[in-house]
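Below you'll find the structure, written out as structure tokens, and then a few comments.
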Amino acid sequence: MTCRVVVLLSGRGSNFQAIVEAQLPIEIVAVISNRPHAAGLDTARARGLTTVALDHTALPDRETFDALLADEIERHHPDLVVLAGYMRILSAAFIARFEGRLLNIHPSLLPMFPGLKTHERALAEGVKIHGCTVHFVTADLDHGPIVIQAAVPVRADDTPDTLAARVLQQEHRIYPQAVRWFAEGRLVKNHGHVNLKDDLTSQSVFSIGM
Ligand code: GAR
């Protein structure tokens with residue numbers, strides 16, 4: 001059976017687009033945004049996908065919004081919910097409803113630099129390697145079980161923008177890969193870690209880009 005995927009996004013949607021273009025064995029059954037004018041919704045519409053805009057500013061608090069969002073997601077019967085630049089913290093009740101089928105991409109090598117402004121902070125720390133992480137979402141913000149990471153070098157003349165662009169290229173590689181593994185049933189949880197079925201070397205869960 002094809003893996004049914006709901007995508008949540010708040011902005012540009014380039015990770016969502018990379019997932020679409022990777023031609024994975026999935027069906028994107030809905031693209032939902034908390035921002036009605038998110039560019040990612042236009043991309044989804046142009047591809048004939050079902051889109052839903054739920055404006056979080058119209059609701060009194062996070063719990064109320066997340067309950068509405070969760071109900072909307074459930075209507076599409078997803079096997080997997082993909083956070084693709086979804087820029088709101090999720091409530092514990094929401095995460096509990098989807099735990100184990102909720103993936104996120106974060107623009108740093110977690111557990112380094114959880115939260116926002118990751119590229120600025122990486123440059124401020126003088127790290128020589130930076131990158132991105134796909135992980136399962138748990139109640140512990142940006143600390144869920146890691147599926148795949150990619151690293152890039154930090155260059156002496158990098159600005160937050162140049163570094164972000166280099167990391168984003170890797171995001172577009174590893175997120176489709178992680179979604180493919182999920183759809184193929186290859187992600188196995190083991191004591192809070194994720195193993196890839198039939199990959200004893202673990203080489204495929206780490207990649208290096210320039
Ligand atoms: C991506 O860099 C993603 O890693 C980041 O937002 C950007 C969305 O870009 N996500 C987070 O920071 C989540 N905490 P996109 O809309 O072009 O995919």
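Laboratory data are not the source of any read-out in this text; all were calculated from the coordinates shown. These numbers were taken from a predicted model, which means no experiment stands behind them. FYI the Cβ positions are ideal-geometry reconstructions off the backbone, even for glycines, and counts take in every protein chain you see.
Remarks
- Summing Lys and Arg as +1 and Asp and Glu as -1 over all other residues whose Cβ lies under 12 Å from the Cβ of PHE113 gives a net charge of -1.
- Sparse-neighbour loop sites [trypsin sites (Lys or Arg not before Pro); the range 109-147; at most 15 other C-beta within 10 Å; DSSP]: LYS117, LYS128
- Charged-residue dipole, Cβ positions (Lys, Arg, Asp, Glu), the chain about Cα centre, Debye nearest 20: 320
- Taking the C-alpha atoms of the range 59-210, convex hull volume expressed per residue in Å³: 120
- Listed residue (LEU59, CYS3, PRO78) projecting farthest to the positive dipole end of the chain, Cβ model: CYS3
- Each other residue within a Cβ distance under 14 Å of ASP142 adds +1 if Lys or Arg and -1 if Asp or Glu, for a net charge of +2.
- Cα centroids of the range 1-56 and the range 106-164: 23 Å apart.
- The range 19-104: GluC sites (Glu not before Pro) in DSSP loop, at most 14 other beta carbons within 10 Å: GLU99
- Estimated D of the range 1-117 in µm² per second, where Rh is the Kirkwood radius over Cα pairs and Stokes-Einstein applies at 4 °C, 1.567 mPa s: 89
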